[in-house]
Structure formats: C-alpha cells, structure tokens
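First up is the structure itself, then whatever we jot down about it.
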Amino acid sequence: MPDRCKERGTYMKKTQAMVSLLLAIVLLLTCSIMPALADQELKVKVKAEFRYKEARKMLDLINSFRTGNDAWYWAEDNKTVVRASGLGKLTYDYNLERVAMQRALELAAYFGHTRPDGSSWSTAFPSGYGTKGENLAYGYGSADSAFKGLAEEDKDYAGQGHRRNMLRKEFTRIGIGAVKVGSVIYWAQSFGGGSGSSGSDSNRFKSDKITASMDLLVSNSKSIGSDLESLSVAKGESETLPKVVIYSKSGAKLYVTDCSWESANKKIAKVKNNKVKGVKKGETTLEAKFGGKTITLPIKVTAKATSAQISEIIEDYDPPLAGEFLIVLEEDECFEIE
C-alpha cells in the first residue's frame, strides 16, 4: 500500500496507519504521530448546539461535486489534472452522522485528528465501515461556505487533501456534523465504506442543545484560569465559588468539573459545599487543584455593617436608597446591603 502520509489526507483502510488532514480556517496540518499519554486528563464541560439541518445541506453539494465536471484534482507535479471519473453518490449514513457530530463537538476542545483525550480520530467510528476518513473545518457559517473551503479548488496538490478525500472511490457513505460552540461552528465529514446498515434519524443526540462532558489533556489547552479575577465576601456571609475555565486552542470556553478549591488561610475564609464563607476581616487566597495544576484567586473578607451604621447612612442619603446597593464606610471597607 502506498504511503498516504504524503497526501496530507486522513485515510484508513482496515487497520492501516492514520494520516493527518485538517483545515483550520484555511490552515492545514500534515500527518503526525499521536502524542504519548503522559499528560494529565481533565474532565471538562462545554455548551454546544447541534446544527443537523445545516449539516445535511452539504450532502447534495458533495454528491454534485463527485458526479459533475469539477471532480478533479492536481497530480503531485501540480501540472497534470487527474479526473475522478465513475464516482457514485455517497449514501447518507446516520451512524456516521453521529460520529461526525461527536467529532465536530470535540473540535471545540481540541482541533485536530487526535481526539481531546489523546486517542486516535478513528476510535470515534463503529466497526464495519472498512475504509474510514474524516475532513475537519471551523469558522465557516454555512454548509455552502464550509464545502467551498474543503473543496480547495485554488490549492495545489499539497493543499488538496480534503478535496481528494471527497473524491475517493473507496468511500461510499458519509455523515456530516455541524456544532456551534459560542459564536463558532465546527464542521466534520465522516466517510466510510462497506455495505452495512446506515442507521436512522433516531440515532441523533436527544437534544440539539446540550452541555457535553469530555476528557481533555492539559497539553491540548491554551490557557487555564478562573472566571473571576478576585472575590470579596462579607464576614459571616457566603459566596458561590468561581468556575475554573479552560480556553481551547481553537478559542472555545470550557469548564473544569473535577477540581477542588481550598483556602490558604481558614481563619479568614473557609470553603464548604461549593461556597466560600468569610470568617474574619482580612485577605488570603483560594486555590483550585486539578490535573496536576494549581490556580490561585485573591479573596478579601470585609467587616459587616452594624444596624446603626446602616440606619444612619440610609437616613442621610438623598435620594432615598431602595433595592440592592453597596455602602462604603471606609476606604478599605465595603458592605453589601439588601
């Protein structure tokens, strides 16, 4: 079997080695060896929306491409046009659609043919498909624009890996995924061969809008921190602990679920049941530990206003105070009043 790695495409026949191919806004990655799993794994959550209707629009575009006059690509010499003749239309496969939706969702955590937990892209596929492959993209707002980006008509041989994938005669079935995370839509085309069952529309995820959980290697994240820069709580009062946020390399916002907060000085602030309580006036830090990492958050515990202080300020204030507001008694002391 020829070395497919030179094609910058993702292609797999039975158990043959994988080849890396992906499009990140028009950026291609060449094939690479899967990183060793010496990394720490984090449990993360991400809010996402599945775009089934938009994803399925791409099927007709791909089949028209395969069976029309535009079914060509450059040879390696970038001078010879190779015609992909005799191609049939791809059958839409709902089992592969679920794979594509899962892979598109995972791209928010890590954009690449390695999955967020470090495993191979091919592990997302069920058995029985023989020849497998995938094309990936993000940043396109519609099926039409995503297809045009993946068609790579203006690229040379090295840049047409996605195009060749869509024109492979070994592929007979396809599922397409489109998942919106934040303001970005992630796209996946999952190809397969074989002649087994294509499943049904009931294979889709139960809800179009979900909060999904997945494992993410720490090294696959761009930055990690808290959704707050600092925290203030009055003595005797409690506040909900902040969330630990991970920003992926593709810009998505994820939340760590398996972390624990601790107070550096329990005489000033205590942590219990996902809340922090002010014990006495002072400043300390909260620490969140997860996946071998630690982040810190400054916390300030303020004094609590007495009834007499509150009454005096309210009586003298013009216009009259109403609702929830903040009273500052001294330069370094503030009190929340309801």
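The values are calculated or read from the model by the stated rules, or taken from the named source; none is laboratory data. Not measured: the values here are computed from a predicted model. Heads up, the Cβs are rebuilt from the backbone with ideal geometry, glycines too, and the neighbour counts pull from every protein chain shown. These accessible areas exclude ligands, DNA and RNA; they are computed on the full protein's heavy atoms, side chains included. Shrake-Rupley method; radii C 1.70, N 1.55, O 1.52, S 1.80 Å.
Among the residues of segment 251-285, those that are of a type in the set (A, V, I, L, M, F, W, C) and open to solvent by less than 60 Å² (accessible area, probe 1.4 Å) comprise A252, L254, V256, C259, W261, I268, A269, V271, V276, V279.
Among all residues of segment 143-152, there is none that is farther than 29 Å from S221 by Cβ and modelled with pLDDT under 95. Considering each residue of segment 145-157 in turn, none proves to be open to solvent by 20 Å² or more (accessible area, probe 1.4 Å), within 26 Å of L254 (Cβ to Cβ) and not in a helix (DSSP H, G or I).
Look at (1) within 26 Å of G86 (Cβ to Cβ); (2) touching a helix residue (DSSP H, G or I) at 6+ places or on another chain (Cβ under 9 Å); (3) open to solvent by 10 Å² or more (accessible area, probe 1.4 Å) and you find that G192 fails only one, number (3).
For segment 210-250, residues that are within 30 Å of Y52 (Cα to Cα), open to solvent by 60 Å² or more (accessible area, probe 1.4 Å) and not in a strand (DSSP E or B) total 1. Out of contact with any strand residue (DSSP E or B) (no Cβ under 7 Å at 6 or more places or on another chain), of a type outside the set (S, T, N, Q) and within 30 Å of I224 (Cα to Cα), is that true of G112? In short, yes.
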